[in-house]
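> Sharing a structure below in structure tokens format, with a few things to ask.
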Amino acid sequence: MTEKALNYASDLIKSGIQKESLQQVKDILEVVPEILTQFNDPTVELEKKHKIIDRVFTQDVRNFLKILCDNNEFNCFFDVLEAYDGLLSTPGKRDNHAELVYVTEPDAEKLEKIKAFVKKEAGREDVELVLKKDDSLKSGFILRVGTKEFDWSERGRIHQLKSAMNQAVLKEVKGNNFSKDSIISILKTDLADFELQAKDKEIGTVTWVGDGIVNVDGIDHACYGEIVIFDCGVKGMVQDIRKNDIGVILFGRDTEIFEGSRVIRSGKMAGVPVGEGFLGRIVDALGAPIDGQGEIISDSFRPIENEAASVVDRKSVNVPMETGILSIDSMFPIGRGQRELIIGDRQTGKTSIAMDTILNQKGKDVICIYVAIGQKASTIAKLVNTLRTNDAMDYTIIVSATASDPAALQYIAPYSGTAMAEYFMYKGKDVLIVYDDLSKHAVAYRAISLLLERSPGREAYPGDVFYLHSRLLERSSRISDEIGGGSITALPIIETQAGDVSAYIPTNVISITDGQIYLETELFNAGQRPAVNVGLSVSRVGGAAQTKAMKKAAGTVRIDLAQYREMEVFTQFSSDLDESTKKQLAHGRSLMELLKQPLGRPLSMPEQVIILTAVNARIFSDLPADKVRGFKEGLIKFFADEHSDIINSLETSKVLDDDIRQAIVEAASEFKNRE
């Protein structure tokens, strides 16, 4: 690198020319090498070179390029660019460099005061102050000292005033008592009381950008999870803190971010707006509406990362979260505040179980949040259509981070959904949250971690991938009345490969959750839907999350099914069976048929109790397999039409005493005799 290149680079830094402007020149020269050839050709007239510069390049670099052409030194442009990078990255360079951006140049007296302030702020005497004019500031000036920025400009004042007035108006609108006069009064008060807050802002510089990851130098006091803002307006979150720089994941595209771009610390942790206004809406991972129904007025703002409630702040899980699916509510009951994993191969009905559970919460004062991670946009659209058709969107929030979104948004989506759920939980509400699915969430985190150059471990996942999901799912609980009294019930979904539940991510999430519903491909293909595997599925809360009526009615259903599956294997080649074996097989077949349930048809608790009581009384056992489902539908309608008193009694008391049980058996027998 020549001394001439170093001198040129030093002059460029002093004149305030940004790195992205020089990078644009380099990109143009690489794309159109004919320009570089003409600039290096001494036989080409200078006037022609100047015309090319004026037409092709931005105004801030034209004088520099013309000087290179005039001196016939354009062949050293790339050396100058390298020297520019070297000077910026030299330790201490940022500390003794200050920049004053102004509209009207300060006089000598003001300049001396500014220099004294700069020396005091930098803590050293050898500070070099670079002056730069910028009419876009309107008036006033901006002072940058090392990594700090002090904004006394009119542009900064307008921005702060606009932000302050927006917050004041939104606060008034939220109270639902606003009027035209009240808003005008607020704006007048804010204008009268407004004072410019010229607080120092820590400024950094982009040193590398690619694949949604940015390395930033110069921000020395950033916290993990803090939001930083780039010049182009894109936001990012600090995800990696290293000795000399920080790693940032972007919440938008990186097309407008270049090496040398400025980055400002926001001082805020990543969070999302929350409130009642989000019900019935579709939002992205940052809480911004994407359903075309206008802005959402939020009630408050919550960080996406939050500590889970402590053990002493939790209550036991003993209130049922009914799914409306007979096979789950009878054998693997889910309680409010529980975390029940739904696991299975692709296309085995995992999302369908979550959807039926959401539909079953209608009229039960439960708020539902569905977090779509890495799904196709068309899949989410179908799901939303199903919810709207069944009037379920009124109590549901959709948080969408599709497969086309950056990995950073897919990574924070479940945390954003949980922050929204916590808002309602601490207000005493019960919330059901579905994470669909955490396999894709882990893949997104793995992509981010590898790009941040973290060491890969098992299956290339980083070492903290277990903590990734444990800190998420621990936030689901049922909290005590002293801190709110609400609950978050989590239904995380995991996709397995060829039924391998011993893979890394499935075993991690199984160990975190309070049970799992395992869906089997063979059962699904055989027409058993939902394809719940009775042997591998479990709920660690169990009967504590069932009503007394359901617990008594469920009885020995799971044992009967397990015995049937075993007996079916041993007797499939046998032709001579005794009468008791034949009855047990017939009972098992009728149970299997009864557990088949169509999509979007959740059963209420009384309906499930009636069916199970009839099953235990062997009402279905002697029916042909193809008649069982039709008989079940007819039986439910028969009870609704002619024995609504039984349904009402079960709904109110939630107890199945001997009298009600006898009444159910007699009514079911009466219906069977009619058929």
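> Please give the calculated 222 nm ellipticity per residue for the chain, where each DSSP H segment of at least 4 residues contributes -39500 (n - 2.57) and the sum is spread over every residue; nearest 500 deg cm²/dmol?
Value at 222 nm, helices only, nearest 500: -14000 deg cm²/dmol.
> Between Gly287, Gly634, Val80, whose Cα lies farthest towards the positive end of the dipole of the chain when Lys and Arg beta carbons carry +1 and Asp and Glu beta carbons carry -1, centred on the Cα centre?
After comparing all options, I get Gly634.
> If you don't mind, another one. By per-residue mean of other Cβ atoms within 10 Å, what is the highest-first order of 493-500, 38-45, 515-522?
In descending order of packing, they fall as 515-522, 493-500, 38-45.
> Between Ser139 and Lys4, what is the spin-label point distance in nm, taking each point 7 Å from the Cα along the Cα→C-beta axis?
4.7
> Which whole-number percent gives the relative contact order of segment 560-675, counting Cα pairs below 8 Å spaced six or more residues apart?
RCO, segment 560-675: 27 percent.
> Between helix 579-594 and the chain, what is the angle of the helix's C-alpha long axis to the longest principal axis, kept within 0 to 90° and rounded to the nearest 10?
Once rounded, the angle reads 40 degrees.
> Here's a follow-up. Give me the accessible area of Arg565, 1.4 Å probe, in Å² rounded to the nearest 10.
Surface open to solvent at Arg565 totals about 90 Å².
> Determine, from the Cβ-Cβ distance of Cys223 and Lys548 and an R0 of 56 Å, the FRET efficiency 1/(1 + (r/R0)^6), rounded to the nearest 0.05.
E between Cys223 and Lys548, to the nearest 0.05, is 0.65.
> Does segment 273-428 come out rounded, prolate or oblate by the C-alpha gyration tensor, with a ≥ b ≥ c the root eigenvalues, rounded set by a/c under 1.5 and, if not, prolate when a/b is larger than b/c and oblate if not?
Cα axes put segment 273-428 in the rounded bin.
> Ordering Lys120, Lys362 from largest to smallest accessible area (1.4 angstrom probe), what's the sequence?
Accessible-area ranking of Lys120, Lys362, largest first: Lys120, Lys362.
> Give me the 1.4 Å probe accessible area per residue for the chain, excluding ligands and nucleic acids, in Å².
Accessible surface, normalised per residue, equals 47 Å².
> Rounded, prolate or oblate: pick one for segment 226-361, where a ≥ b ≥ c are the square roots of the eigenvalues of its C-alpha gyration tensor, a/c under 1.5 means rounded, and failing that, prolate if a/b is larger than b/c, else oblate.
prolate
> Relative contact order, percent, of segment 397-478 when contacts are C-alpha pairs under 8 Å separated by at least 6 residues?
27
> Next question, about the same structure. Would you mind classifying the chain by shape? Square roots of the alpha carbon gyration tensor eigenvalues, ordered a ≥ b ≥ c; an a/c under 1.5 is rounded, otherwise it is prolate if a/b is larger than b/c and oblate if not.
prolate
> Taking 37 °C and 0.692 mPa s as the conditions, I'd like the Stokes-Einstein D for segment 474-529 in µm²/s, using the Kirkwood hydrodynamic radius from alpha carbon pairs.
239
> Answer with one residue from Ile488, Ile664, Ser539: the one whose Cα lies farthest towards the positive end of the charge dipole of the chain, charges on Cβ with Lys, Arg +1 and Asp, Glu -1.
Projecting each Cα onto the dipole axis, the largest value belongs to Ile664.
> To test your reading of the geometry: what angle, between 0 and 90 degrees and rounded to tens, separates the Cα axis of helix 59-70 from the longest principal axis of the chain?
50
> With +1 on each Lys and Arg Cβ and -1 on each Asp and Glu Cβ, and nothing else charged, work out how big the dipole of the chain is about its Cα centre, in Debye to the nearest 20.
The calculation lands at about 920 debye.
> Then there's this: If you roll a 1.4 angstrom probe over the protein chains with everything in place, what fraction of the accessible area of the chain belongs to carbon and sulfur, to the nearest %?
Ligands and nucleic acids excluded, carbon and sulfur reach 50 percent.
> Could I ask something else about it? Between Ile433, Thr396, His643, whose Cα lies farthest towards the positive end of the dipole of the chain when Lys and Arg beta carbons carry +1 and Asp and Glu beta carbons carry -1, centred on the Cα centre?
Comparing the listed Cα positions along the dipole, His643 ranks first.
> Whole number please: convex hull volume per residue, Cα atoms of segment 544-675, in Å³.
That works out to 128 Å³ per residue.
> Let me ask something additional. For a Förster distance of 45 Å, can you work out the FRET efficiency between the beta-carbons of Ala498 and Asp365, rounded to the nearest 0.05?
After rounding, the FRET efficiency stands at 0.65.
> Considering only DSSP beta bridges whose two residues both sit in the chain, what percent are antiparallel, to the nearest 5?
So the antiparallel bridges in the chain amount to around 55 percent.
The values are calculated or read from the model by the stated rules, or taken from the named source; none is laboratory data. Because the structure is a prediction, the values reported are computed rather than measured. All Cβ positions, even for glycine, are placed from backbone atoms using ideal geometry, and neighbour counts span all protein chains on display. Accessible surface is based on the protein model in full, side chains and every heavy atom, while ligands, DNA and RNA are left aside. Shrake-Rupley method; radii C 1.70, N 1.55, O 1.52, S 1.80 Å.
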